[in-house]
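Q: I'd like to ask you about the structure that follows.
The values are calculated or read from the model by the stated rules, or taken from the named source; none is laboratory data. Quick caveat: nothing in here was measured; it's all calculated off a predicted structure. Cβ atoms come from the backbone with ideal geometry, glycine included; neighbour counts cover every protein chain shown.
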Amino acid sequence: MKKTVWISLVLGGLAGSAGLAARGGFFAVSLLAGVAWGLANLWCLTRAARCVAEGRRGFPLAGWVVTKFFLLYGLIAWFLVGLKLSAAAWLAGFTITLAAAAASALPSLRGLFRQTSKQLLLLGLFLLPKAAEASQGAPGGPSHPPEIPNLITLITLGREGAWVDFLHTWENGIFALLIALAVGLAISLGARVLALVPGRGQAAVEGLVEWLDNLVCGALGKKEGRRYLPFLGTLFIFILSMNLAGLIPGLKSPTSRFEMTGALGLCVFLFVQWTGLRRLGLIGYGDHLLGQPRDLVGWILSPLMLFIHGIGEIVKPLSLALRLFGNIMGEDTLLGVFVALGAMAFAWSRLPVGIPLHLPFIALALIFSFVQALVFTSLSMIYIYMMLPHEEAH
Amino acid sequence: MLVSIPLILGLSPVVGGFFGWILDRALGTRPLFLILLLAAGFAAGIRETWLLIRKASEEERRSK
């Protein structure tokens, strides 16, 4: 907080004097007012956060929140409308405070920023060819991001007919089904004859299941963990194998399309709601959705809480689906682009040689496949955990 | 786990606004539900973030 105040005061002073020289006193005053407003805002927010952290939920917390919302936003209106200060300069001043606050909170936010920027970078890599395509006015047909050609594209290359359309439409479903069959076969073969001294196949399956068991039981507790391990473990294994399938020549990652990840997200959504209904009962589930009204204020707020909870329940699986889809598509597109680049590197020589430019990205894809499957599973786990009957956060 | 915060914060108002828009179109009450559900979406995003952070810090405390 102290650091934020100093940074924003110094920056605000510099910007204010620059504004004084360039635009006149009016601009400078507006800018300084923006800085002061931002600082006051931040102060109220930190006090409110401290109240929450120290467990003082009652009057002090309400006081800070009310101060922040009414007094401070009233101040904006008064400054901008009553005193007719410059809105742009105000915004600039406020941005300075915001940047200062972000900068002083940076050590803890760095990981978050890194992750977000990585996702943005991948999205950009996907959008770049799209943008180029759009600017060239590519002729019709559904445009897909560049990918390594898979078995179905190779079979149907240059052919036409209903079966070609069918294969392309159901491409992702077909591959997902194939992968599910292969994984199911592999695991059931590994666990077919359970020996006391496990062979190689059995050891691998056992290791995987044990690791998942530890993961789920560590977060949900032994009793609840065992109950939800089958669903979560299946999710993890299925998603991981679908992600990794993009690295096998001839296969593709079904998770690189939103149809597939959306379906997975829908499964999680339905499973979580079903869990809520089953574990809380119909009344308990309704109570949970209404925000557990216990007094008059609670009942008055309950219609609003219904909306808030409903949106929250929808957003959680949707964000899961979008993240998985974005990451895997970005990864596959990256591989596809670099394979194409490497293949075209010696095109001028008309020799059948290329450079495996995509090799470093295979390592990246391996890590990403694993991390994304893990993130999907552990977040689903948390959504289930939030639905289970226990003390609710309010 | 905390990785999902930006996505949830950003998506919630979008989902809220979308449902508000649909309700408005069905009932012809534009822009009543759009605004209401947009606000609810913001609130939902903040609430989910808060719960996620709480769960994360809980787990951190337990692992210590």
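Q: Tally the residues that are more than 19 Å from A:M386 (Cβ to Cβ) and of a type in the set (V, I, T), restricting the search to segment A:206-227.
A: Matching residues across segment A:206-227 total 1.
Q: Need pairs with beta-carbon distance below 9 Å; first residue without any contact (Cβ under 8 Å) to a residue 12 or more places away in the chain and at the interface with another protein chain (Cβ under 10 Å from one of its Cβ atoms) and within segment B:21-48, second surrounded by fewer than 13 Cβ atoms within 10 Å (Cβ to Cβ) and among the small types (G, A, S); sequence gap 6+ or separate chains.
A: So the pair list comes out as B:R47/A:A393.
Q: Let me ask something else about it. State which residue is modelled with the lowest pLDDT when the search covers only segment B:24-64 and only residues that are among the hydroxyl-bearing types (S, T, Y) and in a helix (DSSP H, G or I).
A: B:S63
Q: Still on this model: For A:G330, indicate whether it is modelled with pLDDT under 90, under 30 Å from B:L11 (Cα atoms), part of a helix (DSSP H, G or I) and in contact with a Leu (Cβ under 9 Å, 6 or more places away or on another chain).
A: For A:G330, the condition - modelled with pLDDT under 90, under 30 Å from B:L11 (Cα atoms), part of a helix (DSSP H, G or I) and in contact with a Leu (Cβ under 9 Å, 6 or more places away or on another chain) - is met.
Q: Continuing with this model, one more query. Being in contact (Cβ under 8 Å) with a residue 24 or more places away in the chain and of a type in the set (S, T, N, Q) narrows it down to one of B:S4, B:S57, so name that one.
A: B:S4
Q: List every residue pair whose Cβ atoms sit under 7 Å apart, with the two residues 6 or more apart in sequence or on different chains, where the first one lies in segment A:29-40 and is surrounded by fewer than 20 Cβ atoms within 10 Å (Cβ to Cβ) and the second, anywhere, is not β-branched (V, I, T).
A: Pairs that qualify, where the first residue is surrounded by fewer than 20 Cβ atoms within 10 Å (Cβ to Cβ) and the partner is not β-branched (V, I, T), are A:W37/A:L72; A:W37/A:L75; A:W37/A:F94; A:A40/A:L72.
Q: Filter segment A:298-341 down to the residues that are within 14 Å of chain B (Cβ to nearest Cβ) and of a type in the set (S, T, Y) and list them by number.
A: Listed by number, the residues that qualify are A:S302, A:S319.
Q: Oh, and also: Restricting to segment A:288-324, name every residue that is assigned to a helix (DSSP H, G or I) and charged (D, E, K, R).
A: Answer for segment A:288-324, where residues must be assigned to a helix (DSSP H, G or I) and charged (D, E, K, R): A:E313, A:K316, A:R323.
Q: Out of (1) in contact with a helix residue (DSSP H, G or I) (Cβ under 7 Å, 6 or more places away or on another chain); (2) assigned to a helix (DSSP H, G or I); (3) modelled with pLDDT under 65, what's the single condition that is false for A:S143?
A: The single condition A:S143 does not satisfy is (2).
Q: Oh, and also: From the list A:A182, A:A203, which residue is more than 30 Å from A:L388 (Cα to Cα), in a helix (DSSP H, G or I), of a type outside the set (D, E) and in contact (Cβ under 8 Å) with a residue 24 or more places away in the chain?
A: Just a single option satisfies the conditions, and that option is A:A182.
Q: Going through segment B:1-45 one residue at a time, which ones are in contact with a Lys or Arg (Cβ under 9 Å, 6 or more places away or on another chain) and over 29 Å from A:L324 (Cα atoms)?
A: Matches in segment B:1-45: B:D24 only.
Q: I've got another one for you. In segment A:187-200, how many residues are surrounded by 15 or more Cβ atoms within 10 Å (Cβ to Cβ) and either aromatic (F, W, Y) or not in a loop (DSSP other than H, G, I, E, B) (or both)?
A: The qualifying residues number 2.
Q: If you don't mind, there's one more thing I want to ask. If I filter segment A:218-246 down to residues being touching a residue at least 60 places away in the same chain (Cβ under 8 Å) and farther than 16 Å from A:V183 by Cα, which single residue comes out as surrounded by the fewest Cβ atoms within 10 Å (Cβ to Cβ)?
A: A:E224
Q: Another question, if that's okay. So B:R54 fits all but one of (1) more than 7 Å from chain A (Cβ to nearest Cβ); (2) exposed (fewer than 15 other Cβ atoms within 10 Å of the Cβ); what number is the exception?
A: (1)
Q: State which residue pairs qualify: first residue closer than 15 Å to A:L366 by Cα and assigned by TED's automatic domain parsing to the domain that holds A:L244 and inside segment A:327-345, second residue acidic (D, E) and part of a helix (DSSP H, G or I) in any location, beta carbons under 9 Å apart, and separation of 6 or more residues or different chains.
A: Taking only residues 6 or more apart or on different chains, not a single pair turns up.
Q: Assess whether A:V209 counts as being more than 22 Å from the chain's Cα centre (by Cα) and not in a helix (DSSP H, G or I).
A: In short, no.
Q: Would you confirm whether or not segment A:374-389 contains a residue that is under 30 Å from A:G281 (Cα atoms), part of a helix (DSSP H, G or I) and without any contact (Cβ under 8 Å) to a residue 40 or more places away in the chain?
A: Yes, segment A:374-389 contains a residue that is under 30 Å from A:G281 (Cα atoms), part of a helix (DSSP H, G or I) and without any contact (Cβ under 8 Å) to a residue 40 or more places away in the chain.
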